[in-house]
1. Can you tell me which residues in the stretch 44-65 are farther than 19 Å from residue 94 by Cα and free of Cβ contacts under 8 Å to residues at least 60 places away in the same chain?
2. How about the stretch 167-273: which strands (runs of 3 or more DSSP E) wholly inside it have at least 2 residues that are buried (at least 21 other Cβ atoms within 10 Å of the Cβ)?
3. Could you list, in sequence order, all residues of the stretch 70-89 that are modelled with pLDDT of 95 or more, part of a helix (DSSP H, G or I) and surrounded by fewer than 24 Cβ atoms within 10 Å (Cβ to Cβ)?
4. Can you name the residue in the stretch 124-138 that is assigned to a loop (DSSP other than H, G, I, E, B) and touching a strand residue (DSSP E or B) at 6+ places or on another chain (Cβ under 8 Å) and, of all such residues, is surrounded by the most Cβ atoms within 10 Å (Cβ to Cβ)?
5. Looking at 121, 145, which is the one that is assigned to a helix (DSSP H, G or I), surrounded by fewer than 20 Cβ atoms within 10 Å (Cβ to Cβ), over 13 Å from the mean Cα position of the chain (by Cα) and free of Cβ contacts under 8 Å to residues at least 24 places away in the same chain?
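The values are calculated or read from the model by the stated rules, or taken from the named source; none is laboratory data. These numbers come from a predicted model, not from an experiment. Here the Cβ is made from the backbone with ideal geometry for all residues, glycine too, and neighbour counts use every protein chain on show.
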């Protein structure tokens with residue numbers, strides 16, 4: 001009998017459909033996996049702004065995890081927006097209880113619009129409880145600055161931040177370089193191939209598009225999907241980057257909303273007329 005690759009996203013809902021739970025589920029489906037969700041917060045959100053956040057309490061977040069893992073099980077988990085320390089603690093305890101190993105943590109702190117998504121008091125809980133559990137963490141440059149309490153202005157700063165995060169994680173860290181200016185987008189990946197960690201730079205040409213809402217969510221979900229399919233971390237990151245590059249490129253010419261539109265998650269399944 002055939003079996004699905006089972007992917008669980010633990011994240012916030014984006015009513016505009018471009019990021020969060022909605023982007024994660026689209027990505028899982030586009031890559032041939034079965035997607036499930038644990039919603040940590042509802043957002044009233046569109047392409048321009050986050051108008052409001054309604055958090056889900058920690059007990060109900062835990063109940064959602066129990067419902068999925070007691071019955072269906074999971075091959076990999078992607079974690080996104082978490083909002084509060086209580087929710088972070090509950091998720092960490094549940095993932096340890098169910099012995100989940102393939103975890104991609106995208107430490108979402110600020111939306112593309114600039115709206116804050118993570119409480120200040122939750123950052124310490126994230127660093128103490130979830131970063132050590134994750135097989136891979138995927139902060140962008142501003143998130144890496146917050147997590148390491150350092151300024152990142154150049155390649156040397158990126159590598160130093162990656163090493164600081166790796167010291168807490170000891171598995172893998174991907175710092176996304178999309179916030180740097182220039183013709184290239186350079187991501188820094190550090191793996192536990194050596195005790196001190198081995199650094200790889202993954203470079204790609206920057207795509208000219210304003211439709212970049214949900215790129216971080218989509219990339220981390222794609223990496224989780226490829227991990228669930230059996231790829232090692234470095235290969236899964238490269239596969240995930242290839243997917244998001246195509247999704248950005250294929251979505252660049254569309255108009256949706258008045259702000260930053262979404263990427264094209266299903267570029268392989270339907271074509272422009």
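1. Hits for the stretch 44-65 are 44, 51, 52, 54.
2. 172-175, 184-191
3. Across the stretch 70-89, the qualifying residues are 70, 71, 86, 89.
4. 138
5. The match here is 145.
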